[in-house]
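Colleague: Structure in structure tokens, see below.
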Amino acid sequence: MAQGRGSAMVATVFLCMLMFLLHSEMAHAASYTVGDSGGWTFNVAGWPKGKRFRAGDTLVFNYSPAAHNLVAVNKVGYNTCTTPRGSKVYKTGKDQIKLVKGQNFFICSIAGHCQSGMKVAVTAI
């Protein structure tokens with residue numbers, strides 16, 4: 001009987017530690033509105049400067065869906081303002097994207113918009 005209680009105690013302690021770690025990880029996640037009050041628009045490429053992003057943080061892209069969209073692309077897509085095959089195109093005007101560790105690239109794929117500076121690259125640690 002004592003061995004059963006000991007196993008239960010170990011399981012309880014382990015569960016508490018796991019919950020603490022999960023809660024800590026979630027508490028560190030932050031949300032950033034791309035372009036701040038101006039939203040997802042032209043000339044936002046410099047917006048990340050001075051900010052520190054972590055994997056799991058959320059970028060919020062606010063824009064008029066009648067005028068713009070959002071595409072998560074790779075580095076080549078970002079540099080050439082092209083949408084690689086299979087890329088997801090977001091069109092809600094209130095898109096939320098969770099950052100992955102490393103580089104994260106986003107463009108507007110409406111003709112001429114990316115070329116006019118509607119693109120942003122964010123590196124998450």
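Colleague: Can you give me the number of residues within region 61-70 that are over 17 Å from the mean Cα position of the chain (by Cα) and surrounded by 13 or more Cβ atoms within 10 Å (Cβ to Cβ)? Talk me through it step by step, then tell me what you get.
Modeller: Start the filter on region 61-70 by keeping residues that are over 17 Å from the mean Cα position of the chain (by Cα), which leaves 64-68.
Now narrow it down to the ones that are surrounded by 13 or more Cβ atoms within 10 Å (Cβ to Cβ): 65, 68.
Result for region 61-70: 2.
Colleague: May I ask you to list the residues in region 24-42 that are surrounded by 13 or more Cβ atoms within 10 Å (Cβ to Cβ) and farther than 15 Å from LYS98 by Cα?
Modeller: Those that are surrounded by 13 or more Cβ atoms within 10 Å (Cβ to Cβ) and farther than 15 Å from LYS98 by Cα: GLY35, GLY38, GLY39, TRP40, THR41, PHE42.
Colleague: Taking SER87, is it touching a residue at least 60 places away in the same chain (Cβ under 8 Å) and out of contact with any Ser or Thr (no Cβ under 6 Å at 6 or more places or on another chain)? Steps first, please.
Modeller: Details: touching a residue at least 60 places away in the same chain (Cβ under 8 Å): no; out of contact with any Ser or Thr (no Cβ under 6 Å at 6 or more places or on another chain): yes.
No, not satisfied.
Colleague: Ok, one more. Test GLY46 against the stated conditions and say whether it is under 16 Å from the mean Cα position of the chain (by Cα), closer than 28 Å to VAL71 by Cβ, at pLDDT 55 or above and not charged (D, E, K, R).
Modeller: No.
Colleague: Which one is surrounded by the fewest Cβ atoms within 10 Å (Cβ to Cβ) among residues in region 71-125 that are among the small types (Gly, Ala, Ser) and at pLDDT below 95?
Modeller: Ranking the qualifying residues of region 71-125, first place goes to GLY86.
Colleague: Looking for whichever is within 22 Å of ILE125 (Cβ to Cβ) and either surrounded by 13 or more Cβ atoms within 10 Å (Cβ to Cβ) or at pLDDT below 95 (or both) here; the options are THR58, THR12. Which one fits?
Modeller: On inspection, the qualifying residue turns out to be THR58.
The values are calculated or read from the model by the stated rules, or taken from the named source; none is laboratory data. Just so it is clear, the model here is predicted, and its values are computed rather than measured. For neighbour counting, all protein chains shown are included, and Cβ atoms are generated from backbone atoms with ideal geometry for every residue, glycine included.
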